[in-house]
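Remarks on the structure that follows.
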Amino acid sequence: MASSYDHLVHTIHSYNPHADLTLIKKAFDLATASHKGQRRLSGEPYVNHAIRTAQFLAEMKLQTPLVIAGLLHDVPEDTTTTLDEIKKTFGEDVSSIIEGITKIGKVKYRGVSRYVENVRKFFIAMAEDARSLIVKFADRIDNLRTLDSHPPKKQFRIALESLEIFAPAANRLGMGEIKCLIEDLSFKYVNPKEYEWVKALVEQRYTKKQEFINRVMEITKKELGRNGVKIISMEGRLKSLYSLYKKLLKHERDITKIYDLIAVRILVHDVAECYSALGVLHQLWKPLKGRIKDYISQPKPNGYQSLHTTVFAIGGEIVEFQIRTEQMHDAAEYGLAAHWHYDETNKKSKIPEHHKKWIEELALIHKEMVKGMQDIEKLKMDVFQNRIFVLTPKGDVIDLPEDATPVDFAYAIHSDIGNKCSGCRVNGEMTRLDTPLKSGDMIEIIIDKNRKGPSPDWLKFVKTAGASEKIRNFARKSLTDWIKNVLPSSKK
Ligand code: MN
């Protein structure tokens, strides 16, 4: 245990020499004490999972509250230590991140396509604090890495959920590295046969290509130097397995048609040098028509920036180059998470600015998401506008119109639950039945089995057609029953 603590502190210290180590020690000790006696399916102490999650976040060079949240992310949910206690010791910042993670964890996934879209949307909308999502990604990555100890059915479910919800969400947030990691880890369990096929294919081809790429890089370096373009680094990057797989499916499963199996990535100091490097490359080797992409002047919707080009290199063999600045590179790897990178130089003066920035960023993402949805399902758009997404105690997502009430919720689940509804708890607190609900609320309906039926008063506040119809039906039926009961007796 001591060694995993030392490792964590060492990592944090390497990028944030002023980190509050006392606080990190406190979090480490609290996690260890709270999870004491708990074990993972693999048999290892539960806390190891929390420590690895924190380690991952530290390796992303993130600020201390995120690392602490990583250590404590399963504490309120799975142990007797409460969120309030965490708040007292570690502050509002840490506790709100953890609260968000707990909420995301409650969202269940069933793999039905319309439902997937709902959950995906909910997932992002829920993350009032986007930092919760970042910790959740780290949590999920560790769960995927330790998936072997689960039964096959569960492996498949978790991996599929990761592939359909987590990876696209990471992509939306511009976290390219995280997205690829989640995809590659899930791929193995979602489609083992295809995974093995792609893996073997890459191993074969990669060994052949590696030497060639090394020669290409050598020549490129020399030529850039001769033309006065200073580079920070140049490396050959192997395409991630899952993105390669998707591409192979589009190209008759023929790996010789994939030009960017290994792409050469060049980092330079500024934008001007990106274009200079591109010019040098194009003089050295003829570019392939239609393959020059300027994502610097026209970034991708998730903010990705780079210059891409594909050239006929040595012997006419095709190679893809990606040219970018260090800043663009960080943004491409970490996306939104780059906003919480520890940065000594502007730490003090810029915290409020950072905060503002991410709020703007989140707003942009929301806008972009809505736009994206429009592209996919223009017609469904009005269905999603003015909708809220609330949760059952079991974590199922129920989609309701804005200002819907607990009674609407009860009828959305089942007419019996609506008819027998006598009270409700929203987020654990007793609440009136006419209270307008908000996205993310968790609703528990209290049922009175002896209740005869809905109150006609509910018609004054319900928002869904379904609820009002059922309440009216019930009133009509009881009236008919009453008349039936009254009439025979009046005949006597
Ligand atoms: Mn966890």
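A short reminder: the numbers here are calculations on the coordinates, not readings from a lab. Quick caveat: nothing in here was measured; it's all calculated off a predicted structure. Glycine also receives a Cβ, built like all others from the backbone with ideal geometry; neighbour counts cover every protein chain displayed.
Checking the table K221/K257; K209/K247; K188/K250; K209/K239; K179/K246 against a 22 Å threshold on Cα-Cα, which pairs fail? Working shown, then result.
Numbers: K221/K257 26 Å; K209/K247 18 Å; K188/K250 20 Å; K209/K239 13 Å; K179/K246 14 Å.
Where the Cα-Cα span goes over 22 Å, the pairs concerned are K221/K257.
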Rg followed by Dmax, in Å, when the range 43-94 is reduced to its Cα trace: 11.3, 33
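Hey, with R₀ at 51 Å, roughly what FRET efficiency would E402 and K222 work out to, going by the Cβ-Cβ distance, to 0.05? Please report the intermediate quantities before stating the final value.
Numbers: r = 63 Å, r/R0 = 1.23.
That gives a FRET efficiency of 0.25.
Going by C-beta contacts inside 10 Å, put F312, F166, F212 in order with the fewest on the left. Could you put the intermediate results ahead of the total?
Values: F312 13, F166 26, F212 16.
So the ranking, lowest neighbour count to highest, is F312, F212, F166.
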Between S3 and N485, what is 0.36 nm times their sequence separation minus the Cα-Cα distance? Round to one decimal in nm. 165.6 nm
Long-range amide H contacts for K463: which residues qualify at under 5 Å (H placed 1.01 Å from N, peptide plane, sequence gap of 5 or more or a different chain)? T405, D408
How much net charge surrounds L41 when only the other residues with a Cβ under 12 Å from the Cβ of L41 are counted, with Lys and Arg +1 and Asp and Glu -1? +1
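Calculated FRET efficiency, K293 and K199, Cβ-Cβ r, R0 25 Å, to nearest 0.05? If you can, show how the numbers build up before the last one.
Values: r = 28 Å, r/R0 = 1.13.
With a Förster radius of 25 Å, E is 0.35.
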Cα centroid distance between the range 47-68 and the range 265-326, in Å? 34
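Work out, step by step, the length gained on full extension between K153 and E252: first 0.36 nm times the residue separation, then minus their alpha carbon distance; give nm to one decimal.
Working: separation 99, 0.36 × 99 = 35.64 nm, distance 3.05 nm.
32.6 nm is the gain from fully extending K153 to E252.
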Using per-residue counts of other Cβ atoms within 10 Å, averaged over each peptide, order 458-470, 50-62 from highest down. 50-62, 458-470
Going fewest to most other Cβ atoms within 10 Å around each Cβ, I262, I318 line up as I318, I262
